[in-house]
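Comments concern the structure below.
The values are calculated or read from the model by the stated rules, or taken from the named source; none is laboratory data. Please read all numbers here as calculations on a predicted model, not as lab measurements. Backbone-built Cβ (ideal geometry, glycine too); neighbour counts: all protein chains shown. Accessible surface is based on the protein model in full, side chains and every heavy atom, while ligands, DNA and RNA are left aside. Shrake-Rupley method; radii C 1.70, N 1.55, O 1.52, S 1.80 Å.
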Amino acid sequence: MTASVVFQIVNTFVLPAWLILIFFPSKSWRNPVIYGFSIAMAVVYLVYVITGLGNFDMESFSELEGIKAMFTSDEAVLTGWVHYLVFDLLVGNWILNQSRKHEISHYLIIPCLLLCFMFGPVGFLLYAIIKLVKTKKLN
């Protein structure tokens, strides 16, 4: 299967997980299902990491040019993309769990989730601001 096909599959595969976060925040099955999606995509990530280890150079992580050079193949870019998809989904789920713990309205959390899906850290930042305003604390 080509990297382009896998890219389309993982992009499509992650959408239901985000819809679950938005539309089913209080369901008892949400966490296990989200973790299931994350684990499945982590397996895809692991396959690409293992198959690309032959080109791995630890020194590449110390310079921007090295990082750019690591992402010159479709497979390497796909690996990085799956990394983002998994971590953004897990952060989105964490935001939702924390918002429920702190009794923050889900309507305030939906924009955080949408931003987390599209721009990862921006969604986290918005949640941190909302949480700070609502609870007067960061932790």
Completion exercise
In region 50-101, anything under 23 Å from Pro25 (Cβ atoms), open to solvent by 40 Å² or more (accessible area, probe 1.4 Å), touching a helix residue (DSSP H, G or I) at 6+ places or on another chain (Cβ under 9 Å) and charged (D, E, K, R) is listed as Arg100
Exercise for the section: Examine region 40-49 for a residue that is in contact with a Gly (Cβ under 6 Å, 6 or more places away or on another chain), open to solvent by less than 90 Å² (accessible area, probe 1.4 Å) and without any contact (Cβ under 8 Å) to a residue 40 or more places away in the chain, and state whether such a residue exists. Expected result: no
Exercise for the section: Kindly indicate which of Glu65, Glu59, Glu75 is more than 16 Å from the chain's Cα centre (by Cα), part of a helix (DSSP H, G or I) and closer than 21 Å to Thr12 by Cα. Expected result: Glu75
Practice task
Kindly establish whether Phe117 is under 16 Å from Asn11 (Cβ atoms), at pLDDT 95 or above and open to solvent by less than 70 Å² (accessible area, probe 1.4 Å).
Solution key: yes
Handout entry: Residue in region 96-109 that is outside any helix (DSSP H, G or I), more than 19 Å from the chain's Cα centre (by Cα) and closer than 18 Å to Phe23 by Cβ present
Key = yes
Handout entry: Count of region 120-134 residues which are open to solvent by less than 30 Å² (accessible area, probe 1.4 Å), part of a helix (DSSP H, G or I) and not aliphatic (A, V, I, L, M)
Key = 3
